[in-house]
Amino acid sequence: MSETQEIGIYDIRLDADRLPKLIKEREILFAGADEDDIRIDTPAKAAAVLEAVYDASNLAQEKAWLLALNEDNTIKGAFTVSVGTMNSTLIHPGEVMLRAMKIGAVDTPYG
C-alpha cells in the first residue's frame, strides 16, 4: 500500500513589528511505498525528499535546506536556509534554529 505525506514548504518573513513569522509558501505530496519510506531515517531518504521538493540535482548554484522532523521522523516542513554561489553557501546556526523552533521540530538532520 502506498503512503503519502503532505510536505509544507515554508519561509521566515518579518511581520509589521519586524518579528520573524512562519509563512507557508506551498505544499507538495511525497509518496512512498509504505510508511517506512516516508520516515526520514537515512541520508538517502532525506536526499530523495530534497530531490522531489527542490529538483536539487539540477541547480546551478549551492543551496542549503532544512527538513524539520517530528518525533516519528516524518517531515513537518522544509525550508531553504541559504542560497549561495556556484560552489559554496554560508549557513549560520541561528538561521537553522529559528526555523526549527518556529515550526516545532524535534529533529533537524543536516550534513
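Computed quantities for the displayed model
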{"quantity": "Debye, to nearest 20: dipole size of the chain, +1 on Lys, Arg Cβ, -1 on Asp, Glu Cβ", "calculated": "600"}
{"quantity": "Least to most buried among VAL49, VAL106 (fewest other Cβ within 10 Å first)", "calculated": "VAL106, VAL49"}
{"quantity": "Within straight-line cross-link reach of LYS24, lysines at Cα separation under 21 Å, skipping those fewer than 8 residues along the same chain", "calculated": "LYS63, LYS76, LYS102"}
{"quantity": "Value at 222 nm in deg cm²/dmol, rounded to 500, when DSSP H runs of n ≥ 4 in the chain each add -39,500 (n - 2.57)", "calculated": "-6500 deg cm²/dmol"}
{"quantity": "Candidates ILE28, ILE40, ILE12, ranked by Gaussian network fluctuation over the chain, Cα under 10 Å, top entry", "calculated": "ILE28"}
{"quantity": "GNM result for the chain, Cα springs below 10 Å: residue of ARG18, ARG99, ARG26 fluctuating most strongly", "calculated": "ARG18"}
{"quantity": "Residues GLU6 and ASP41, FRET efficiency given R0 of 30 Å [Cβ-Cβ distance, rounded to 0.05]", "calculated": "0.95"}
{"quantity": "Among LEU22, LEU66, LEU14: highest mean-square fluctuation, GNM of the chain, C-alpha pairs under 10 Å", "calculated": "LEU14"}
{"quantity": "Furthest towards positive pole of dipole, ALA52, ALA31, ALA78, structure part the chain, Cβ charges", "calculated": "ALA78"}
{"quantity": "Sum of side-chain charges, THR80 neighbourhood, beta-carbon under 15 Å (Lys, Arg +1; Asp, Glu -1)", "calculated": "0"}
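Throughout, read-outs are computed from the coordinates displayed, never taken from laboratory work. Predicted, not measured: the structure shown is a model, and the values here were computed from it. When we count neighbours, we look across all protein chains shown, and the Cβ atoms used for this are built from the backbone with ideal geometry, even at glycine.
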